[in-house]
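Notes to accompany the following structure.
The values are calculated or read from the model by the stated rules, or taken from the named source; none is laboratory data. This structure is a prediction, so every number in the text was calculated from the model and none was measured. For neighbour counting, all protein chains shown are included, and Cβ atoms are generated from backbone atoms with ideal geometry for every residue, glycine included. Each accessible area value is taken on the protein alone, full model and side chains, heavy atoms only, with ligands, DNA and RNA left out. Shrake-Rupley method; radii C 1.70, N 1.55, O 1.52, S 1.80 Å.
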Amino acid sequence: MAARSIASLTISFGLVSIPVKLFSATEASKAISFNLLHKTCGSRLKQQYICIKEDVIVPRDEMTKGYEFAKDQYVMFSTEELKAMEEAGTHAADITEFVPLEKVDPVYFDKAYYLAPDKGGAKPYALLQQALLESNRCAIGRWAARGKQYIVMIRPVANGLVMQQLLYSDEVRSINEIDIPKIEVKETELKLAHKLIDQQSSDKFNPADYKDEVRARIEKAIEKKVEGQEITLADEPAGEAKVVDLMEALRASLERKPGERKPAKRAEVTEISSRRKKKS
């Protein structure tokens, strides 16, 4: 099924404007979600909000939002006040600068969108995509949507453009906040590590090589439950012996066959019996 555009916007750099269509690059619908049920009868539960002071259920028309500025002290905001502070959607992404691709740390990456040229935008779209590819740069700009303002990075791929939403600097913690001891690495250890890296290196990353085994296991369990079958959790396999010596661990890693990995500790879903009687 063809992808559906979720919005239209204009990319602007200098006096050049590019009308584009926005497509979500990820599929949230692929995630498996569970509902909360009443254990005794299996009915769906309804969420309710209770006032901790009056111990009564509060309907939605009596709710408002507030900010806790001190312990148990709040300032309240009306819907109109919050709306007034929102950023007005401009349907435009204004490019402010161009930077080398490798200078944007992936730790700042947030949600990604695919961009496609809209009516009248094919030529300038192709121009920007090719110019970014050849210069090995990306475009950084601002985009206002859903009442918020975002930093975005527009980066080229082989056959198009991707708009990557970025996190603000105060949303990303510095690695300097973490205590990482400085350890001297021996030359022999480094040589073995390089050899191990070379042994497991690939020319490119192919995401199709990686499957979500946990999701497949859950889907299998759901299918069994729907069919009325009981499932049991198998014992976890015993873990491998810990290798204390670093050189020994590197040599043992090099001796492993390509693709061989440590078995994961997980529960196998096995069929026991059918509880649902077949109807004639």
Full-extension gain in nm, residue 202 to residue 76, via 0.36 nm per residue minus C-alpha separation: 39.8 nm
Identify the trypsin sites (Lys or Arg not before Pro) of the range 1-102 meeting these criteria: DSSP loop state and at most 15 other C-beta atoms within 10 Å of the C-beta. 4, 39, 46, 53, 71
How big, on average over all directions, is the shadow cast by the Cα convex hull of the range 106-229, in nm²? 15.8
Hey, can you rank 141-153, 116-128 by average C-beta count inside 10 Å, highest first? 141-153, 116-128
Quick tally, 1.4 Å probe accessible area for 194, 91, sorted with the most first, runs 91, 194
Shape of the range 1-159, Cα gyration tensor, a/c cut at 1.5: prolate
What does the charge count around residue 16 come to, taking other residues whose C-beta lies under 14 Å from its C-beta (Lys +1, Arg +1, Asp -1, Glu -1)? 0
Taking 35 Å as R0, compute the FRET efficiency from the Cβ-Cβ separation of residue 165 and residue 64 and round it to 0.05. 0.75
The range 97-175: relative contact order as a whole-number percent, Cα under 8 Å and 6+ apart: 38
So residue 212 and residue 110, fully extended at 0.36 nm per residue minus their Cα-Cα distance, gain in nm 34.6 nm
Do any of 46/224; 103/191; 39/225; 21/123; 111/148 go past 18 Å between their Cα atoms, and which? 46/224; 103/191
Starting from the residue with the highest accessible area, list 41, 51 in decreasing order, probe 1.4 Å. 41, 51
Going by a ≥ b ≥ c, the root eigenvalues of the Cα gyration tensor, does the range 1-61 fall in the rounded group (a/c under 1.5), the prolate group (a/b larger than b/c) or the oblate group? oblate
Averaging sequence separations of C-alpha pairs under 8 Å and six or more residues apart, then dividing by the length of the range 5-110, give the relative contact order as a whole percent. 25
Cα centroids of the range 176-194 and the range 41-110: how far apart, whole angstrom? 42
